[in-house]
Amino acid sequence: MLPGVGVFGTGSTARVLVPLLQAEGFEVHALWGRSEEEACGLAKELGIPFHTSQSDDVLLHQDVDLVCIYIPPSMTKQIAVKALGIGKNVVCEKAATAVDSFKMVTAARYYPQLLSIMGNTLRFLPAFVEMRQRLLDGYVGEIQVCDVRVYGPSLLDHSYGWTCEELMGGGGLHTVGSAIIDLLSYLTGTRAHRVHGLTRTFMQQNSLIRGIRRVTSDDFCFFQLLMGATGSGGVCCTVTLNFNMPGSFVQEVMVVGSTGRLVARGTDLYGQRNGSKGEELLLGGNGWLGPEVKEMPLPHLHGLSSMVKALRQSFQAHEERRSWDQRPVAMASTFEDGLYVQTVVEAVKKSSSTGEWVSVEIMSKEPDPNQNLCEALQRNKN
């Protein structure tokens, strides 16, 4: 029996997620929006029977057992933690800070019987599932270098909002870079231990965002990751994100090893072994038959569709609506992965500020909220 679904969000992801859920047999019973007008409009458009701007109305809905959270990062932690606390399964986007991510991890550990995964759809994209299997099978030999390039148009909304504010989780590093950081960990089976990066905001104002308001979120980012073994071993990764490029979205992920390379361009996977004359197509994207969403790049659309199919497989074999099978969603990123990714994002931001390499130190306990105040008082005392 498939669980009833409640969706938080009215943006581009929600617009494509709801039809995908419905196509797989899920019933979407409730929709939350930041305003009654937003929620009402999208609910009518997508045929959702209940809408609200009050989060508890969705979380306490008697027919909702799976909550999908696609809202501004600063709000994600509050909804995710509360949902787990009242016994709901959770699929959600990234949080705004490492502290928020840690609180989500704590809640997930406290309720291990509930599904709690991050909605990083790239892990479900068939090209990357195939790439990971090829890497495990030794197609490229020992992994040495990963190179990622993502180019596209501006990520800003049409009006001033959270996408413009770095502190609220806006910007290419947080929005797209976090998915790439997670993907590299998934593909290589390792995590970063040192990072070096640079972020820039080239477009601080535009025709819609001007006057006293300025954009603080980055539209360009370059960073390096040292992953796996320390010293001369391990994997060297470089990532370039540029969202000052009008036109088509471009994403290329290349993994180079001792005996060959694999490269995913969009939704297609290519490979070339050392000594061969050229690349071979290992997996084609086979086209996209779903709805067109200009704001969502094709790899994320494909990945989202595959993730929804995996969720159906996870729940359908169980008679209880809240019971699930871990195997179909085994490739999903956990809340622990979300904490790691957010830690790397903050390390890249710190490196951009200091110009130095920064160690990745994952939080093991929640910091004292009064720590800064106590330090200030101590300095004044001295």
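The values are calculated or read from the model by the stated rules, or taken from the named source; none is laboratory data. Every value quoted in this text rests on a predicted model; they were computed, and no experiment measured them. Positions of Cβ are backbone-derived with ideal geometry, glycine not excepted, and every protein chain shown enters the neighbour counts. With ligands, DNA and RNA removed, areas are computed over all heavy atoms of the protein, side chains included. Shrake-Rupley method; radii C 1.70, N 1.55, O 1.52, S 1.80 Å.
Here the relative contact order of the chain, from alpha carbon pairs under 8 Å that lie six or more residues apart, stands at 20 percent.
Where the accessible area of the chain is counted over protein heavy atoms with a 1.4 Å probe, how much of it, in %, is carbon and sulfur? The computed percentage sits at 50. Accessible area ranking (1.4 Å probe, heavy atoms, ligands and nucleic acids excluded), largest first, for Tyr70, Tyr160, Tyr340: Tyr160, Tyr70, Tyr340. Partner aspartates and glutamates whose Cα lies under 20 Å from the Cα of Lys103, excluding those fewer than 8 positions away in the same chain, are identified as Asp56, Glu93, Asp182, Glu336, Asp337, Glu346, Glu361, Glu366, Asp368. Once backbone amide H atoms are built at 1.01 Å from N, Val90 has Val67, Leu115, Ser116, Ile117 as its partners under 5 Å, excluding neighbours fewer than 5 places away on the same chain. Looking at the stretch 219-341, the accessible area is 49 square angstrom per residue; that uses a 1.4 Å probe and ignores ligands, DNA and RNA. A 1.4 Å probe run over the stretch 97-174, with the rest of the protein chains in place, finds 42 Å² accessible per residue. A dipole drawn for the chain from +1 and -1 charges on Cβ atoms has a positive end, and of Leu114, Tyr340, Ala80 the residue lying farthest that way is Tyr340.
Note on Arg265: accessible area approximately 90 square angstrom, rounded to 10, probe 1.4 Å, nucleic acids and ligands left out. Computed over the chain with a Gaussian network model linking Cα atoms closer than 10 Å, the most mobile of Thr334, Thr259, Thr188 is Thr259.
Membrane-span-like helices in the chain, defined here as complete DSSP H runs extending at least 20 Å along the helix axis by their C-alpha atoms with mean Kyte-Doolittle hydropathy no lower than -0.5, are 298-316, 335-354; this is a sequence and geometry rule, not a statement about a membrane. Amide H contacts of Gly170: Glu165, each under 5 Å away and 5 or more positions distant or on a separate chain (H built 1.01 Å from N in the peptide plane; Pro and chain starts excluded). Solvent-accessible surface (1.4 Å probe) assigned to Trp357 amounts to roughly 100 Å². Residues Lys350, Lys365, Lys88, Lys77, ordered by accessible area of protein heavy atoms at a 1.4 angstrom probe radius and largest first, appear as Lys365, Lys350, Lys77, Lys88. Other residues lying with their Cβ under 14 Å from the Cβ of Thr354 contribute a combined charge of +1, Lys and Arg counting +1, Asp and Glu -1. For the residue pairs Lys44/Lys94; Lys277/Lys309; Lys88/Lys365, the C-alpha atoms sit more than 30 angstrom apart in Lys277/Lys309.
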